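The values are calculated or read from the model by the stated rules, or taken from the named source; none is laboratory data. Just so it is clear, the structure is predicted and the values come from calculations on it, not from any experiment. Note that we place each Cβ from the backbone using ideal geometry, even for glycine, and neighbour counts take in every protein chain shown.
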Amino acid sequence: MAPPDASPVTPQRPRVLGLPDPRRARPEDWAQLVRFCVVGFSGYVINLVVFAVLLEVAGAHRIGAAIGAFCVAWTSNFLLNKYWTFRRHGLSTLQQGARNLAVSLLGLALNLALLELLVMAGMPELPAQAIAVAAVTPVSFLINRRWSFR
């Protein structure tokens, strides 16, 4: 019997934004990170290609081009992450999609802000978009892993 002042021990859940401890990572955790990076890279390429086409061919403004590129890349990334990267189906597709979209919209807001700052500082639009997308990726992985696809 536990002493009266002892409280039950509950396993600590990782915080959504807490930094992971690499020493506690299992091989599957690392494999998942690699799959996320592969999907992210494909989304990165899709994003930049669609951004460039909308900007240069369609004559869209950089913000409109970034939003259009986001929509195409998000669709691809969500499907690949759901069925290949995380392979978790505890939540419905609608729940996972809504959570992933919320995380992605946060990432888009950060991306757009950084894109504007870089362009206002004199950087060409395409390299600025490339840097902005890459800068948002680590935060997106952590939140998606711990919240969207749990």
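Just so you know, in the stretch 41-70 the residues that are β-branched (Val, Ile, Thr) and in contact (Cβ under 8 Å) with a residue 40 or more places away in the chain include one that is surrounded by the fewest Cβ atoms within 10 Å (Cβ to Cβ), and it is Ile63.
Residues in the stretch 71-95 that are at pLDDT below 90 and among the hydrophobic types (A, V, I, L, M, F, W, C) were compared, and the one that is surrounded by the most Cβ atoms within 10 Å (Cβ to Cβ) is Phe86. For the stretch 1-51, the candidate set comprises residues that are modelled with pLDDT under 75 and among the hydroxyl-bearing types (Ser, Thr, Tyr); within that set, the residue that is nearest to the chain's Cα centre (by Cα) is Thr10. Listed conditions (1) surrounded by fewer than 18 Cβ atoms within 10 Å (Cβ to Cβ); (2) at pLDDT 90 or above are all met by Val139, apart from (2). Per the listing Arg150, Arg99, Arg145, the residue uniquely modelled with pLDDT of 90 or more and basic (Lys, Arg) is Arg99. When we screen Ala121, Ala73, Ala113, Ala134 for residues that are of a type outside the set (D, E, K, R) and in contact (Cβ under 8 Å) with a residue 40 or more places away in the chain, the only hit is Ala134.
Here is a yes/no grid of residues against (1) of a type in the set (A, V, I, L, M); (2) under 28 Å from Arg150 (Cβ atoms); (3) in a helix (DSSP H, G or I):
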position: Ala66; (1), (2), (3): yes, no, yes
position: Ser76; (1), (2), (3): no, yes, yes
position: His89; (1), (2), (3): no, yes, no
position: Ala102; (1), (2), (3): yes, yes, yes
position: Leu114; (1), (2), (3): yes, yes, yes
position: Pro127; (1), (2), (3): no, no, yes
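Selection of the stretch 42-99 for residues being among the polar types (S, T, N, Q) and within 23 Å of Trp30 (Cα to Cα) yields Ser42, Ser76, Asn77, Asn81, Thr85, Gln96.
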